[in-house]
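Taking it in order: structure first as structure tokens, then the write-up.
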Amino acid sequence: MTRDELAGKLHRLDPGASLIVEGDVLTRLFDVVKLSQASPEALKSISDFALAHDCTFSFDRQVGAAPCFEKNDIL
């Protein structure tokens, strides 16, 4: 998947819907060695990408939950 493909998927999400993206995909797209060890700046970069597509990015490295983008309810 490319950033453009991810952007398209995020754009097409219905409000309130979510999209789980495997960590290895995000590490490749955002040039991070390992998502669980990503710097705050790297995570902010992913969050900013999500916000640019009216989504919120969530990832809890302590719980080990899958990285998730959720479309904002209000566009």
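A simple charge model with +1 on the Cβ of Lys and Arg, -1 on the Cβ of Asp and Glu and nothing else charged puts the dipole of the range 28-72 at about 160 debye relative to its Cα centre.
Taking the C-alpha atoms only, the angle from helix 40-52 to the longest principal axis of the chain is near 10 degrees. Toward the positive end of the charge dipole of the chain, with +1 on the Cβ of Lys and Arg and -1 on the Cβ of Asp and Glu, the farthest Cα among 11, 57, 40 is that of 40. Taking the chain as the reference, fit the longest principal axis to its C-alpha atoms, fit the long axis of helix 3-12 to the helix C-alpha atoms, and give the angle between the two in degrees, 0 to 90, nearest 10. Helix 3-12 and the main axis of the chain meet at about 40 degrees.
For the chain, the solvent-accessible area works out to 64 Å² per residue, with a probe of 1.4 Å and every protein chain left in place.
For the chain, what % of the accessible area comes from carbon and sulfur atoms, probe 1.4 Å? After summing per-atom areas, the C and S share lands at 51 percent. So what is log10(I(q)/I(0)) for the chain at q = 0.13, 0.19, 0.22 1/Å, when the Debye sum runs over its Cα atoms only? After summing over all Cα pairs, the log10 values are -0.33, -0.73, -0.97. Given +1 at the Cβ of Lys and Arg, -1 at the Cβ of Asp and Glu and no other charges, the dipole of the chain around its Cα centre is 120 debye to the nearest 20.
The values are calculated or read from the model by the stated rules, or taken from the named source; none is laboratory data. Not measured: the values here are computed from a predicted model. We place every Cβ from the backbone using ideal geometry, glycine too, and count neighbours over all the protein chains shown. Remember, those area values only see protein heavy atoms, side chains included, never the ligands or the DNA or RNA. Shrake-Rupley method; radii C 1.70, N 1.55, O 1.52, S 1.80 Å.
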